[in-house]
Amino acid sequence: MKNIVAGNWKSNKLIDEAQQLFNDIQSIIRNVEKTEVIIAPPLPYLGQLAALSNSKLSIGAQQTSAFGMGAFTGEVTSEMLKSVGVTWVIIGHSERREGFGETNEVVRKKVRSALNNGLKVILCCGENLSDRQSNDHFEWVGNQIRDGLSGVSAEEMNDVVIAYEPIWAIGTGQTASSAQAQEMHAHIRGIVKGLFDETVGNHCRVLYGGSCKPDNAQELFSQPDVNGGLIGGASLQADSFAAIVSASEMQH
Ligand code: 13P
């Protein structure tokens, strides 16, 4: 099973810059073999960039609607994303949970909407600093996973990837140590095994996110339960993103 390196551009880049970055990444990573590369640009550019995507570089959305088509002003549905060539969607990012009121229940509905419409899901989880300091982080993340995956079938798990992104590591430059990442990834995999079975758990890719950079990616990706990364800041420049993809290519 291939590793995944996904770039979450968040709310960055105007269209010309986005096109340029996409072009640069596409040309640098054209020889990747062991890594699935995904980028998640801002919503208005999805169709344009998805039209240029290929087997080496696919396009993800940064979120989707919990609703279907209808009178939901401003919402963009999973059907719409699929129809413009998007293949992946990030769901439950901590910035959406904390800033836009996405509860585990909303996340669960969004996962359902994405899977029902043929999108693959990157389901995000992660604790804040006080949960870690009070040693509640395993329980917190476990609940996010159990709730987010509630109603998902074993077969549908082929289209679900989990991203562990400790909130205290996002955009802070303070990455989780490889031991902290491995410990939580093993915990997450154990939960997936418990919800489904050994095979589903072993096949489920668990990505690390949170200040993942060229200089720490290789160490993180070398952990047995780390199957790649979800990259924020370092995905905004082609060379640093490509260096992280190279770190993934060197695994196995
Ligand atoms: P940073 O890599 O900037 O810490 O962001 C991680 C992230 O939130 C990716 O979704």
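The values are calculated or read from the model by the stated rules, or taken from the named source; none is laboratory data. Worth saying up front: this structure is predicted, and the values here are computed from it rather than measured. Here the Cβ is made from the backbone with ideal geometry for all residues, glycine too, and neighbour counts use every protein chain on show.
For the range 168-208, which positions are under 21 Å from Lys2 (Cβ atoms), in contact with a helix residue (DSSP H, G or I) (Cβ under 8 Å, 6 or more places away or on another chain) and near the ligand (Cβ under 10 Å from one of its atoms)?
Tyr208
For Gln251, all conditions in the list (1) in contact (Cβ under 8 Å) with a residue 40 or more places away in the chain; (2) within 16 Å of the ligand (Cβ to nearest atom) hold save one; what is the number of the exception?
Condition not satisfied by Gln251: (2).
Only residues that are near the ligand (Cβ under 9 Å from one of its atoms) and not in a helix (DSSP H, G or I): list them for the range 226-248, please.
Those that are near the ligand (Cβ under 9 Å from one of its atoms) and not in a helix (DSSP H, G or I): Gly229, Leu230, Ile231, Gly232, Leu236.
Identify all residues within the range 194-210 that are touching a residue at least 60 places away in the same chain (Cβ under 8 Å) and either surrounded by fewer than 24 Cβ atoms within 10 Å (Cβ to Cβ) or in a helix (DSSP H, G or I) (or both); write none if there are none.
His203, Arg205
Evaluate the following for Asn31: is it more than 27 Å from Ser222 (Cα to Cα) and not small (Gly, Ala, Ser)?
When the stated conditions are applied, Asn31 does not pass them.
I'm trying to understand the selection: among the residues of the range 88-109, which are over 16 Å from Glu127 (Cβ atoms) and in contact with a helix residue (DSSP H, G or I) (Cβ under 8 Å, 6 or more places away or on another chain)?
Val89, Ile91, Glu105, Arg108
Regarding Glu105, is this residue modelled with pLDDT of 95 or more, away from the ligand (no atom under 15 Å from the Cβ) and part of a strand (DSSP E or B)?
no
Would you be able to say whether some residue in the range 126-136 is touching a Cys at 6+ places or on another chain (Cβ under 9 Å) and within 16 Å of the ligand (Cβ to nearest atom)?
No, that holds for no residue.
If we scan the range 147-160, do we find a residue that is within 25 Å of Lys109 (Cβ to Cβ), within 13 Å of the ligand (Cβ to nearest atom), hydrophobic (A, V, I, L, M, F, W, C) and buried (at least 18 other Cβ atoms within 10 Å of the Cβ)?
Checked against the condition, which is being within 25 Å of Lys109 (Cβ to Cβ), within 13 Å of the ligand (Cβ to nearest atom), hydrophobic (A, V, I, L, M, F, W, C) and buried (at least 18 other Cβ atoms within 10 Å of the Cβ), the range 147-160 yields no hits at all.
Within the range 211-231, track down each residue that is surrounded by fewer than 24 Cβ atoms within 10 Å (Cβ to Cβ) and small (Gly, Ala, Ser).
Ser211, Ser222
Can you spot a residue in the range 162-179 that is more than 19 Å from Leu220 (Cα to Cα) and either out of contact with any His (no Cβ under 9 Å at 6 or more places or on another chain) or outside any strand (DSSP E or B) (or both)?
no
Taking only the range 211-225 into account, find how many residues are closer than 17 Å to Ala186 by Cβ and either within 11 Å of the ligand (Cβ to nearest atom) or in a helix (DSSP H, G or I) (or both).
3
Output the number of residues of the range 59-91 satisfying the condition of being farther than 28 Å from Asn23 by Cα and in contact (Cβ under 8 Å) with a residue 40 or more places away in the chain.
Number of matching residues: 4.
Quick one: is Val111 touching a residue at least 24 places away in the same chain (Cβ under 8 Å), within 15 Å of the ligand (Cβ to nearest atom), assigned to a helix (DSSP H, G or I) and touching a Leu at 6+ places or on another chain (Cβ under 9 Å)?
Criteria not met by Val111.
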